[in-house]
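Quick note: the coordinates plus some simple rules give every number you see, no bench work behind them. Not measured: the values here are computed from a predicted model. Don't worry about glycine lacking a Cβ; one is built from the backbone with ideal geometry, like all the others, and counts go over all protein chains shown.
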Amino acid sequence: MALKHEPPTTPYHSAQEALRVLETVARSSAGVTDAELARHTGIRPERLTALLRMLRREGYVEQITDGAYVTGETLARLGSAHHREQALRDKLQHTLDRLRDSVGAAVYMSRYVDGEISVTQYADSPATPKVNEWVDFRSSAHATAIGKSLLTQLDHAARRDHLARHKMARLTSRTITSDRLLLSRLESQPPTVPVLDLQEYAVGTAVPVTAGSSVGCLALSLPVEHAHRLRQAADALNRNAAPVLLSMAI
């Protein structure tokens with residue numbers, strides 16, 4: 001499975017900058033001030049303030065009595081070889097829960113593993129119910145924001161291989177069933193830009209979150225009566241994708 005080249009976007013820039021901050025903090029056992037972080041990382045002060053706020057909220061750094069920053073509990077858990085997988089799941093679930101509440105929609109984490117789509121984690125609630133999976137997501141990549149977001153991150157051959165194994169059934173009047181048309185649209189879709197699904201399967205959007213060779217996406221779904229909120233929710237999801245990318249990269 002081959003990945004397409006990924007141009008940088010805001011979430012990726014944020015995650016990369018956050019990693020630079022964490023690397024600088026981790027090198028000093030005594031702590032690092034924000035002035036020292038600005039000098040060592042080259043990140044402008046106002047941007048650094050926002051990154052440190054996010055890193056403190058996520059538990060990656062802590063501020064000690066003299067104002068310096070040291071590594072936090074989350075970084076210690078994810079950096080440990082023991083129970084790392086469970087720690088990552090717990091961290092992602094906490095992030096998904098917070099995203100669900102902030103965007104007012106069910107939120108999903110999905111991966112493309114061994115040629116198939118898998119929703120690995122999700123956060124919903126009575127007020128924000130998850131989508132009714134009336135057709136298995138593994139068979140409906142052509143019609144869902146999740147599926148198309150994952151397919152955009154593959155190269156042309158891997159996309160054709162997936163579509164050859166899964167018939168493009170018409171799920172609604174909006175569903176694309178032509179592999180030529182779908183492949184053309186996937187090719188024109190930048191792999192790090194949110195993908196929208198407007199009643200091809202449900203109402204939703206997905207933001208790619210690729211870390212290394214791992215193909216994944218962060219997605220949300222809304223009831224059709226809330227379709228007018230989709231663009232706003234998509235923007236909020238994209239803005240808040242950085243913590244997910246960061247946890248996958250550590």
Q: Would you list the helices (runs of 4 or more DSSP H) that sit entirely within the stretch 166-250 and hold 1 or more residues that are in contact with a strand residue (DSSP E or B) (Cβ under 7 Å, 6 or more places away or on another chain) and either within 13 Å of A143 (Cβ to Cβ) or touching a residue at least 40 places away in the same chain (Cβ under 8 Å) (or both)?
A: 230-239, 242-249
Q) Considering only residues of the stretch 21-43 that are more than 26 Å from the chain's Cα centre (by Cα) and not small (G, A, S), which is surrounded by the fewest Cβ atoms within 10 Å (Cβ to Cβ)? A) R27
Q. Does the stretch 41-63 contain at least one residue that is more than 30 Å from A141 (Cβ to Cβ), touching a Phe, Trp or Tyr at 6+ places or on another chain (Cβ under 9 Å) and of a type in the set (D, E, K, R)?
A. yes
